[in-house]
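Here's the structure, in structure tokens; my notes come after.
We did not get these values from a lab; they are worked out from the coordinates using the rules stated. Here the structure is a predicted model, which means the values were calculated and not measured. Here the Cβ positions follow ideal geometry from the backbone for every residue, glycine too, while neighbour counts run over all protein chains shown.
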Amino acid sequence: MSRRILVVDDEPMALILLNQILSEAGHSVVTAQSGFEALDHFRKEPSRFALILLDLSMPLMDGEETFNHFRAIDPNVVVLLNTGFIENLRLDRMIANGLAGFLRRPYRADEVVTQIHSVLQNVKLNGAKPSGPRQLS
């Protein structure tokens, strides 16, 4: 079953790569190069996205601010953070606010797909809310 995933990253090559990886895994992918663009997609129809894969380090509006806007629109939104580095306090704050987990860069294609499937399976089993943060390192 195809699930629509919103991938948000300011790096065009990261978007191309993730789009390819997730499409090959059977997902429908929508990409956005900024938090602003992602929020435009999300506001139109929040329920159409099973998961948002969100880059933390973006100019103008970073991943944490974008995440907070997503949560204001839909408190049950499933967001997986995508980052090379995050301070523990910042991660703890985002987890407390409902972050489903995070992928630590660099990663392999199969790790991305496995982590997304795991998060989506947990959401399916536990209802709208993720069961807790998951990290792939």
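Brief remarks follow.
- Rounded if a/c under 1.5, otherwise prolate or oblate - the chain, Cα gyration tensor axes: rounded
- Karplus-derived 3J(HN,Hα) values for the range 70-81, using 6.51 cos²θ - 1.76 cosθ + 1.60 with θ = phi - 60°, are 4, 5, 5, 6, 9, x, 9, 4, 9, 10, 10, 7 Hz; glycine and proline are entered as x.
- Only the Cβ atoms of Lys and Arg (+1) and of Asp and Glu (-1) were treated as charged; on that basis the dipole of the chain about its Cα centre amounts to roughly 560 debye.
- Cβ crowding within 10 Å, taken as a proxy for footprinting-reagent exposure, orders T66, T114 from fewest neighbours to most as T114, T66.
- Our estimate of slack between R71 and R90, defined as 0.36 nm per intervening residue step minus the Cα-Cα distance, is 5.2 nm.
- Remark on N82: its backbone amide H falls under 5 Å from those of L54, D55, L56, L103, a criterion applied only to residues 5 or more positions apart or on other chains, H modelled at 1.01 Å from N.
- Considering only the range 5-137, percent of DSSP beta bridges that pair antiparallel, nearest 5: 0
- The range 4-136, relative contact order in percent, only Cα pairs under 8 angstrom and at least six apart counted: 21
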